[in-house]
1. If you go through the stretch 215-237, how many residues are at pLDDT below 95 and among the aliphatic types (A, V, I, L, M)?
2. What is the number of the single condition among (1) over 22 Å from R237 (Cβ atoms); (2) buried (at least 23 other Cβ atoms within 10 Å of the Cβ) that S64 does not meet?
3. Which of the residues belonging to the stretch 65-117 are among the hydroxyl-bearing types (S, T, Y) and touching a Ser or Thr at 6+ places or on another chain (Cβ under 6 Å)?
4. With the stretch 184-255 as the region, which helices (runs of 4 or more DSSP H) entirely inside it contain at least 1 residues that are among the polar types (S, T, N, Q)?
5. Does any residue of the stretch 169-182 turn out to be without any contact (Cβ under 8 Å) to a residue 24 or more places away in the chain, of a type outside the set (F, W, Y) and at negative phi?
6. Conditions: (1) closer than 20 Å to T150 by Cα; (2) more than 18 Å from the chain's Cα centre (by Cα). V217 meets all but one. Number of the miss?
7. Quickly run through the stretch 55-74 and pick out the residues that are within 16 Å of D171 (Cα to Cα) and under 12 Å from the mean Cα position of the chain (by Cα).
8. Can you name every residue in the stretch 95-149 that is β-branched (V, I, T) and assigned to a strand (DSSP E or B)?
Amino acid sequence: MPKAKSVTKEANDGSAKNVGYSRVLLKVSGEALMGDQAYGINQEAVSRIAGEIADAVTAGVQLSLVIGGGNIFRGLSAAEQGMDRATADYMGMLATVMNALAMQNALENMGVETRVQSAIPMMSVCEPYIRRRAIRHMERGRTVIFAAGTGNPFFTTDTGAALRAAEMSCDALLKGTQVDGVYSADPKKDPTATRYDRLSYHDVLARDLRVMDASAVSMMRDNEIPVIVFSIHETGRLREVLAGKGICTIIDAPE
């Protein structure tokens, strides 16, 4: 694994539990919240992911979260059908706020203190995004969910996640996907696709692997923040990846 700060936290039996990163941002697609539904929010799926996050927080990780909105509304798809792109993107941002509130509710039901911060101010339902406040929340053991992307149209939630990871000085950006890493092609469509254990930022951009959009990958490269891609659907995989183990693809600078 890439070099990172080591964190220990005393377990109930007095032993020390060791994790590989002290502060991370987890990016999850909105589709991950659908479960086996075709649309919307599946509470069972939300609770399962919340359980993974709660386990990481219990281990001592300062964790922030960005959730996409594709389970409710995809701005790019609407724009392709004739809707004004800026309007469609703003609608997509609102979908991410809905997902953030659903995840906040699930986490707090598990005893994880959580704050939602939106890049589009909506004081009645969540906090506005304030960088120093978000950092202080994490320092106090709270999970922070960043909603509404960057607050601007024409930017994806991947770019929003990369921006927040850089602003929070995260040790890594973790991307929980539908598959267990980065492949040369979609493994669901191409059974011969090759899974990569490690890639450089340049590899991802040059091969157009599209695990994240180019601006997000470039931002991670410029800030020297590794991207770790893993399956969010595998129980316990988040904790394994945080400990420097587990099946994943690491995207970082070549040694």
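The values are calculated or read from the model by the stated rules, or taken from the named source; none is laboratory data. If you're wondering where the values come from, they're calculated on a predicted model, not measured in any experiment. Glycine gets a Cβ as well: all are built from the backbone with ideal geometry, and neighbour counts include every protein chain shown.
1. 1
2. Result: S64 fails condition (1) only.
3. Of the stretch 65-117, the ones among the hydroxyl-bearing types (S, T, Y) are 77, 87, 90, 96, 114.
The answer is T114, and nothing else.
4. Details: elements: 201-206, 214-222, 237-242.
Hits in the stretch 184-255: 214-222.
5. Applying the first criterion (without any contact (Cβ under 8 Å) to a residue 24 or more places away in the chain) to the stretch 169-182 yields none.
Within the stretch 169-182, not a single residue is without any contact (Cβ under 8 Å) to a residue 24 or more places away in the chain, of a type outside the set (F, W, Y) and at negative phi.
6. (2) is the only condition that V217 fails.
7. L63, S64, L65, V66
8. If we filter the stretch 95-149 for residues that are β-branched (V, I, T), which is where we start, we get 96-97, 112, 114, 116, 120, 125, 130, 135, 143-145.
Listed by number, the residues that qualify are T114, V116, T143, V144, I145.
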